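The values are calculated or read from the model by the stated rules, or taken from the named source; none is laboratory data. Every value quoted in this text rests on a predicted model; they were computed, and no experiment measured them. Quick reminder, even Gly has a Cβ in these numbers, built from the backbone with ideal geometry, and neighbours come from all protein chains shown. Please note that ligands, DNA and RNA were not included when accessible areas were found on the heavy atoms of the full protein model with its side chains. Shrake-Rupley method; radii C 1.70, N 1.55, O 1.52, S 1.80 Å.
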Amino acid sequence: MSFAELWRELEPIGRDPATGGYRRYSWTEADAQCRAWFTRQADKRGLTVETDNNGNLWAWWGDARDDAVATGSHLDSVPDGGGYDGGLGVVAALAAVDLLREKDFHPERSVVLAVFTEEEGARFRVPCLGSRLLAGAVDPDAARALTGDDGVTLARAMTAAGRDAGLLGPREDLLAGLAAFVELHVEQGRALAPLGAAVGLAEGIWPHGRWRLGFAGRADHAGTARLDDRKDPMLPYARTVLAARRAAADHGALATIGKVIAEPGGANGVSAAVTAWLDARAPDEDRLEKTVGAVRSAALGFSSECGVTLSVRQESYTPPVRFDEGLRDRIAAVLAAAGLEPPVLSTGAGHDAGVLAARVPAAMLFVRNPTGVSHSPAEHADLADCEAGVRALAMVLEDLSCR
Ligand code: GLV
Ligand code: MN
Ligand code: MN
């Protein structure tokens, strides 16, 4: 099947008709539909599909479970995300298999297509949860207790989806069977367009993390509580948003508060509590620590001025990632032989390939994003560039799967 045909099939699943954005949260109906679609596609190609104990899907081309070459990405999304983030890597993996089959290629090593669960952490707040569990980077008990905004734990959500959350945990056997993992992903940022390149290669990922800031104050009447008597958590929260921006600018980092919940949420009342999530990323851990430290102490100062109590909890942390140089050089050589010279880029975006990189030689291919916009319905890649990505991925899989 062509890339465009596959893309058209996946495109409507989990898309909100009003915003045009995707709401593919893990272990929901939209997620089930994505899984069913991928399983159908794998079945059609005679691949053997397995769901591992952490909910990640694996579609095997070849019987051997060792020395395999893995590719793939994720199908979950951020709230109102774009369709390319994750979806592109999965569709490209299927399309690359089709390209190789068309030329009657038979891999000597198994090729396995992976779809990782909860890459965005949009529902259970820990990004790359499926790959972290696989790699033993998250405690299974802690994972089972993770709770989304709807009050449902991961354990309950998995049970409702027919999975046994009691089985969550590392899979050394699966990891030991992978010779390499190559994730193709839409570019998030706009480095390739000015360079005139359709495809890029990843060098590394910035260290990043998420922190939950809880501002606890006292609910009161908006029409009667004197300003001086209030303990309004909205005030230190609002000042902290600006402090995060300042801290990021001061340290050459990025800091974002993209999610906030005010409780109880009455328009005519002072809030009892405000919870906000700080996402921070930097080129190195020192700058990241300084940025988060500055936000934390600003939030603390503002809170005490307003009679508000502050709690700060780190919900996830990803150290810096350097992708395997040997694998990248090999991929660059394969692509150079086809006349391609993909620029090598670092990114602030997190990926399952970054988690796996700690255990398996890993690499990433980026497909040009002409506007650079991502985590938005406006995210886009041109069809011709997606097809170029598929051809590049097929060449890479062909090379890596030959002994
Ligand atoms: C994932 O896209 C992330 O970087 O948050
Ligand atoms: Mn994303
Ligand atoms: Mn992604």
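Here are the numbers for the structure shown:
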read-out: Cα extents of segment 230-341 along the three principal axes, largest first (Å); value: 68, 28, 21
read-out: In degrees, nearest ten, helix 29-44 long axis to first principal axis of the chain (Cα); value: 10
read-out: In order through segment 55-71: 3J(HN,Hα) via Karplus (6.51 cos²θ - 1.76 cosθ + 1.60), integer Hz, x for Gly, Pro; value: x, 7, 9, 9, 10, 8, 9, x, 8, 5, 9, 10, 6, 8, 9, 9, 9
read-out: Residue of Asn369, Asn268, Asn54 that the Gaussian network model of the chain assigns the largest fluctuation, springs spanning Cα pairs under 10 Å; value: Asn268
read-out: Accessible surface of the chain [probe 1.4 Å, protein heavy atoms]: carbon and sulfur percent; value: 52
read-out: Candidate residues Met158, Met395: accessible-area rank, largest first, probe 1.4 Å; value: Met395, Met158
read-out: Gaussian network model of the chain, springs between alpha carbon atoms under 10 Å - residue of Glu305, Glu118, Glu315 with greatest fluctuation; value: Glu305
read-out: Rounded to 10°, Cα long-axis angle of helix 87-102 versus longest principal axis of the chain; value: 0
read-out: Percent RCO, i.e. relative contact order, over segment 46-190, from Cα pairs under 8 Å lying at least 6 residues apart; value: 32
read-out: Mean separation of Cα contacts under 8 Å (6+ apart) over length of the chain, as relative contact order %; value: 22
read-out: Largest-first ordering by accessible area, 1.4 Å probe, given options Trp37, Trp7; value: Trp7, Trp37
read-out: Percent of Cα-Cα distances greater than 17 Å, calculated over segment 280-320; value: 39
read-out: Student exercise, segment 1-141 dipole from Lys, Arg, Asp, Glu Cβ charges, in Debye to nearest 20; value: 220
read-out: Over segment 30-102, relative contact order from alpha-carbon pairs under 8 Å, at least 6 apart, %; value: 21
read-out: Of all DSSP beta bridges in the chain, antiparallel share, percent nearest 5; value: 70
read-out: Helix-only [θ]222 nm of the chain, DSSP H runs n ≥ 4, -39500 (n - 2.57) each, per residue, nearest 500; value: -10500 deg cm²/dmol
read-out: About the Cα centre, charge dipole magnitude for the chain (Lys/Arg +1, Asp/Glu -1 at Cβ), debye; value: 960
read-out: Solvent exposure of segment 172-227 as accessible area per residue, Å², 1.4 Å probe; value: 38
read-out: Solvent exposure ordering (accessible area, 1.4 Å, most first) of Asp104, Asp286; value: Asp104, Asp286
read-out: Tail fraction, Cα-Cα pairs, segment 1-156, threshold 26 Å, whole percent; value: 27
read-out: Charge dipole of the chain about the Cα centre (unit charges at C-beta), most positive-ward option of Leu154, Ser311, Leu393; value: Ser311
read-out: Positive-pole candidate from Ser297, Leu254, Ala197, dipole of the chain, charges at beta carbon; value: Ser297
read-out: Accessible area expressed per residue, segment 324-403, with surrounding protein chains retained (probe 1.4 Å, Å²); value: 39
read-out: Per residue Cα convex hull volume in Å³ - calculated over segment 89-133; value: 62
read-out: Descending Cα extents along the principal axes, segment 119-166, whole Å; value: 25, 21, 15
read-out: Inter-part distance where segment 92-158 and segment 182-212 are each reduced to a Cα centre, Å; value: 19
read-out: Value in Å of the Kirkwood radius, where the chain supplies the Cα pairs that are averaged; value: 22.1
read-out: Most fluctuating residue given options Ala276, Ala338, Ala42, as computed from a GNM of the chain linking Cα atoms under 10 Å; value: Ala338
read-out: Against the rule of thumb 2.2 N^0.38 Å, how large the Cα Rg of segment 259-403 comes out; value: 1.49
